[in-house]
Structure formats: structure tokens, C-alpha cells
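Quick one: this structure, given as C-alpha cells, is what I'll be asking you about.
The values are calculated or read from the model by the stated rules, or taken from the named source; none is laboratory data. Treat the numbers as computed from the prediction; the structure is a model and nothing was measured. Here the Cβ positions follow ideal geometry from the backbone for every residue, glycine too, while neighbour counts run over all protein chains shown. Areas reflect the complete protein model, heavy atoms only, side chains present, ligands, DNA and RNA absent. Shrake-Rupley method; radii C 1.70, N 1.55, O 1.52, S 1.80 Å.
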Amino acid sequence: MSLHGNLLGPEPTLLPADPTVDDALAEGTDPTAVAAAHPASSAAWATLAERALDAGEPVTAYAFARTGYHRGLDALRRNGWKGFGSVPWAHQPNQGFLRAVAALSRAASAIGEADEATRCLDLLTDSDPQAPAALGLGTGSD
């Protein structure tokens, strides 16, 4: 490393795996029970938010997604993220956070919070330019 640090920006942030949560969700355990047992898990909150969106409950989805977003920010910071830099979608443990951000964007849009929806889409794009498409969201440029 040079005297000036990494001129290309920070290294990508890679969250640690949480196989207990991943296994429970993959096995079909009720995500409410998973979130209650593992409240720091963005994946559990994202699953609840996505389920609420699918049920036409955008306010509930917004609350679940915002919780997953904030819990994800906490995890990212604990793992060296400084508020900017890559959070790759391809790294599976990052996907819970990125899914929560996408659900927050969708829920914000559904309740008329256009600025919040845009901020979330921008965060997804800044985290990984591939994330919005992977999550079924446009980039705002299409």
C-alpha cells in the first residue's frame, strides 16, 4: 500500500456468513421466528419485507425493510465499511442487506416516498452496479 492508501478506493466489504439464519430461511422456517431469534439478520428482515410487499402491505414492508437496512448498516460498519465502497451482490452474505435496501426502495415508492426510493436505488447502485438488476429494479437511467 502506498503512502496515500488505496487510490482505487476501499476494498469491497464482505459480510460474514450466517448459516444458522440462511439454513432456517431455506428450510422454510417462518421468517418472523427467524427475525425474532436473530434480530441482527438483514436477511430475515428482508424476507419479511418482501413477503409484506407480495401481500400488498407496503407500510409493513417499509418497517421491516428499514429494520433490515439499519441492521445491515451496523454489520457493514463492524466489518470495515466507512459509508461508501463496494458491497458486492455476488457475495451471498451481503445479499440480505442489499435485498432489504431494494425492498425499502419498493415500499417507499409504494407509499409515495419518491426521494427515499431514489436514495435506496442510488445506494444499491453505489454498492454494486449489478445489484439493482439482480433485484429486479431499474437503475433510474432506463
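Would you be able to tell me the number of residues in segment 47-80 that are in contact with a Ser or Thr (Cβ under 6 Å, 6 or more places away or on another chain), open to solvent by less than 50 Å² (accessible area, probe 1.4 Å) and within 16 Å of L98 (Cα to Cα)?
3
Out of the residues in segment 29-46 that are under 14 Å from the mean Cα position of the chain (by Cα) and part of a helix (DSSP H, G or I), state the one that is surrounded by the fewest Cβ atoms within 10 Å (Cβ to Cβ).
A43
Of everything in segment 91-131 that's of a type in the set (V, I, T) and open to solvent by 20 Å² or more (accessible area, probe 1.4 Å), which residue is farthest from the chain's Cα centre (by Cα)?
I111
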